[in-house]
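Down below is the structure, laid out as structure tokens.
The values are calculated or read from the model by the stated rules, or taken from the named source; none is laboratory data. Please read all numbers here as calculations on a predicted model, not as lab measurements. Here the Cβ positions follow ideal geometry from the backbone for every residue, glycine too, while neighbour counts run over all protein chains shown.
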Amino acid sequence: MLSSSPSARPPVAVTGIGMICPLGVTVDECWKNMLNGQSGIRPITEFETSGCSTTIGGQLPEAASQIEKKRTPKRLFKQTIRSSRLIRLCAQDAMTDCSVELRGLDATRCAIIVGTSGSSVGNPLDLTDAETERFRIIRDMVNAPAAWLSIEFGFKGPAFTLSAAAASGIYAAAAGVDLIRHGWADLVVVGGVDTVLTKNSLIKANHLKMLSTRNAEPEKALRPFDIQRDGCLLSDGACAVVLESLPHARSRNAPIYAWIQGYATCSEPYSPHSEARDGAEMARTMEMGLQDSGMPKESIGYLSAAATSAVISDALESQAIRTVFGGHAEALGISAIQSMIGHTMGASGLIALSTTALALKTQMAPPTINYAFPDPACDLDYIPNSMRKLNGVEGAMVNAFSIGGHNAVAVLSRQGSLAE
């Protein structure tokens, strides 16, 4: 039975990471470019953007298409859409990264969970010929990404897809943590993926006035917490992590990036057009995450913000951080990695969790780029424009607050610090 006492709950190890985003096609490449404060936002060239107010976004590097074709069997390429192929690549990389031998695993105790906001949404680069149309049903099923991964690895534990918009990745990680905490799984591959950079998505998002229209300067368009921010930008991306129970990770001397100590998820029922939000539910989710982790607020030294450059949400998140951490909020180093990669939707939370694990392991924090003009409503330390050494930070928080009111938070600890 799962103990109700946070201190009695063993932490869950993050032992492998795979990532593809606008900044690269490997974890090392993405992480290096993030630390260097590089922007992955460019003019969109994969499809024609006439009639769109926004013509920039986070396309994947050309190398992504190359490895996608190289590492995807021809038949599977026809039977899947790009989101399934991308998360397959990331999951393969994460499993390689964690140095696990498939033949040594108990397949009945291994699970797959994938978070996405639109796994059945086709991408402009997807094939649409008559032969691929024969596979439309299995290509477009929402459960497809998790099903294909289960087949890929031969896992016989739970395998499912869930959706909570931009919080999908953290929701998926939370579900994986629960499987391990309950003793139902030893190893869980968790994925987050979306390929939402399409003309249809641009038109819809522009209609809601969600996106930046700073088309003339794409690399400077995203400005989280800056008073000149004018909206987010859509991007494609995928990320996978391997989670393991403490005994399982130790039994094979697994490499460990960080430990997930706790999480929280909740709903914030509001209209997407509402101006009346006050950030109270964001704060409640963070409080719940800390409570679940059993970690004191003062142990948190780094926070990966959900900040997307949205005028209202960035200010509300800043206020919520102050509400939760009080005076300690001044000591937090806060990164908004979406300033560099754009809004990868279902992948965003898991990319943030992965980069937070990397920040704890390497003690280096990526910057919030394009921060030039402070906003009085956003008055915290956003690690502006340049990477920073963390100097002994032991705990970190990851925020994922999405349209539709899906709130999620994960709390991580440095390797070995609270898990011994």
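Descriptive notes on the structure:
Listed here are the residues, each with its yes/no results for (1) surrounded by 24 or more Cβ atoms within 10 Å (Cβ to Cβ); (2) free of Cβ contacts under 8 Å to residues at least 12 places away in the same chain; (3) within 25 Å of Asp375 (Cβ to Cβ).
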site	(1), (2), (3)
Arg250	no, yes, no
Trp259	yes, no, no
Cys266	no, no, no
Ile300	yes, no, yes
Thr308	yes, no, yes
Ile312	no, no, yes
Gly326	no, no, yes
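- Considering the conditions (1) part of a loop (DSSP other than H, G, I, E, B); (2) touching a helix residue (DSSP H, G or I) at 6+ places or on another chain (Cβ under 6 Å), Leu60 is excluded by exactly one of them, (2).
- The residues in region 80-117 that are under 30 Å from Ile44 (Cβ atoms) and surrounded by fewer than 19 Cβ atoms within 10 Å (Cβ to Cβ) can be counted, and the count is 1.
- Selection within region 188-237: residues that are over 29 Å from Leu380 (Cα atoms), among the hydrophobic types (A, V, I, L, M, F, W, C) and in contact with a helix residue (DSSP H, G or I) (Cβ under 6 Å, 6 or more places away or on another chain). The member of this set that is surrounded by the fewest Cβ atoms within 10 Å (Cβ to Cβ) is Val196.
- Considering (1) out of contact with any Phe, Trp or Tyr (no Cβ under 8 Å at 6 or more places or on another chain); (2) farther than 30 Å from Arg109 by Cβ; (3) at pLDDT 95 or above; (4) not in a helix (DSSP H, G or I), the lone condition that Ser271 does not fulfil carries the number (3).
- The set of residues in region 31-67 being without any contact (Cβ under 8 Å) to a residue 24 or more places away in the chain and either within 14 Å of Ser201 (Cβ to Cβ) or touching a strand residue (DSSP E or B) at 6+ places or on another chain (Cβ under 8 Å) (or both) consists of Lys32 alone.
- Selected residue (only one of Ala320, Ala280 is of a type in the set (A, V, I, L, M, F, W, C) and at pLDDT below 95): Ala280
- Any hit, region 283-290, residues being touching a residue at least 60 places away in the same chain (Cβ under 8 Å) and touching a Gly at 6+ places or on another chain (Cβ under 8 Å): yes
- Number of the condition not met by Met95 [criteria: (1) within 18 Å of the chain's Cα centre (by Cα); (2) in a strand (DSSP E or B)]: (2)
- For region 143-185, a residue qualifies if it is within 21 Å of Thr344 (Cβ to Cβ), over 18 Å from the mean Cα position of the chain (by Cα) and free of Cβ contacts under 8 Å to residues at least 60 places away in the same chain, and exactly one does: Asn143.
Yes/no matrix, rows are residues, columns are (1) at pLDDT 95 or above; (2) farther than 19 Å from Ala305 by Cβ; (3) among the basic types (Lys, Arg); (4) not assigned by TED's automatic domain parsing to the domain that holds Pro11:
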{"site": "Asp186", "(1), (2), (3), (4)": "yes, yes, no, no"}
{"site": "Val196", "(1), (2), (3), (4)": "no, yes, no, no"}
{"site": "Lys204", "(1), (2), (3), (4)": "no, yes, yes, no"}
{"site": "Ser212", "(1), (2), (3), (4)": "yes, no, no, no"}
{"site": "Phe225", "(1), (2), (3), (4)": "yes, no, no, no"}
{"site": "Arg229", "(1), (2), (3), (4)": "yes, no, yes, no"}
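Conditions tested, residue by residue: (1) acidic (Asp, Glu); (2) closer than 20 Å to Val12 by Cα; (3) in a helix (DSSP H, G or I).
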| position | (1), (2), (3) |
| --- | --- |
| Leu222 | no, no, no |
| Arg229 | no, no, no |
| Thr265 | no, yes, no |
| Gly289 | no, yes, yes |
| Met295 | no, yes, no |
| Ala307 | no, no, no |
| Ile312 | no, no, yes |
| Leu316 | no, no, yes |
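- Test: Ser304 is within 26 Å of Asp194 (Cα to Cα), outside the structural domain of Thr213 (by TED's automatic domain parsing), buried (at least 24 other Cβ atoms within 10 Å of the Cβ) and touching a Lys or Arg at 6+ places or on another chain (Cβ under 8 Å): no
- Exclusive hit being outside any strand (DSSP E or B), under 15 Å from the mean Cα position of the chain (by Cα) and surrounded by 18 or more Cβ atoms within 10 Å (Cβ to Cβ), set Ala410, Ala359, Ala400: Ala359
- Within region 109-127, tally of residues that are modelled with pLDDT under 65 and either acidic (Asp, Glu) or more than 23 Å from the chain's Cα centre (by Cα) (or both): 2
- Only one of the numbered conditions (1) at pLDDT 95 or above; (2) touching a helix residue (DSSP H, G or I) at 6+ places or on another chain (Cβ under 6 Å); (3) part of a helix (DSSP H, G or I) is not met by Gly176, and that is (2).
- Criterion violated by Glu29 - all others in (1) under 30 Å from Ser386 (Cβ atoms); (2) of a type in the set (Asp, Glu); (3) touching a Pro at 6+ places or on another chain (Cβ under 8 Å) satisfied: (3)
- Cβ pairs under 6 Å, 6+ apart, first in region 367-385 and surrounded by fewer than 17 Cβ atoms within 10 Å (Cβ to Cβ), second polar (S, T, N, Q): Phe373/Gln228
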